[in-house]
Amino acid sequence: MSKLAEKLQRVYRGSAPSMGFRKSAEADIPPLLVVASLSKTSPADAGALAAAGIDAGILGVKGLGAKSYAQLAEAVNYIPLGISLESTEKDVIAKSIGIGCDFVVFGLKTPLEAVDKEDLGRVLRIESSLEPGLVRAINGLSLSIDAVLVDGEEPAITIERLLIYQRFTDLVDKPLLVTLSSMITEKELGGLFEAGVNGLVLPEGLTAESLADLKKSISRLSRATRRKPKTAAILPRLGGELETGVEEEEEEDI
């Protein structure tokens, strides 16, 4: 099993409300995972980020070979490293995966067979504008998906974006990752966490100092503030479109 997939499951399951006393092991589960973009990062700087506490790294395919990958993997002390796939050609994808990555990030146009490899972590990248019916359909894919990454590089965390993340939390029964174009404030971090986000993909150029500050802010997040996903249903509409509806909880008689 992919190392990143294991970390994602621990965070995803640990974030769910539990009854009674929590197990002591849950104290070791971080509220959010931190993934760094390392395509333009030197091995030395990547090693500093790993020491500061990143949980995984994402690399671009361009200019990446087996030797450079091995050097970077050693520099970050073998934390999970993944590749962001841009090509949809099977041969190109096979060559990229062949260097030994732990997981891949890929889009909706990626051929199924190209990423159907045993023990490979799979993160499906989607746009925030993806139609809700298709978002919900991710749950039923024959290809096992370990997480969904909502792409987009807006300069600020807006109310609209938080609503989108909350809706995706209702629709998808998998860990939710989001990309950031810049470092965020503690208030924005809290908003993402409360919306149900499970991990952050940080931009290039991140310093170990700023990462350390972010990790401190993450450690102060309270799991009691995370919203509980509701069960969503796909409702038919006239014209063949799909509409999602959230099932209301029945009130108990007192």
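The values are calculated or read from the model by the stated rules, or taken from the named source; none is laboratory data. From a predicted model like this one, the values you see are computed outputs, not experimental measurements. No Cβ is skipped: glycine too gets one built from the backbone with ideal geometry, and neighbour counts run over all protein chains shown.
Of note:
- Look at (1) loosely packed, with under 13 Cβ neighbours inside 10 Å; (2) at pLDDT 95 or above; (3) in a helix (DSSP H, G or I) and you find that A50 fails only one, number (1).
- Restricted to the stretch 147-178, and to residues there that are among the basic types (K, R) and part of a helix (DSSP H, G or I), the residue that is nearest to R13 (Cα to Cα) is R167.
- L120 vs. criteria closer than 22 Å to V201 by Cα and either surrounded by fewer than 20 Cβ atoms within 10 Å (Cβ to Cβ) or at pLDDT below 95 (or both): yes
- Residue count for the stretch 179-215 satisfying the condition of being among the hydroxyl-bearing types (S, T, Y) and in a helix (DSSP H, G or I): 1.
- Sole residue being surrounded by fewer than 22 Cβ atoms within 10 Å (Cβ to Cβ), under 22 Å from the mean Cα position of the chain (by Cα) and within 14 Å of L202 (Cα to Cα), chosen from D28, D55: D55
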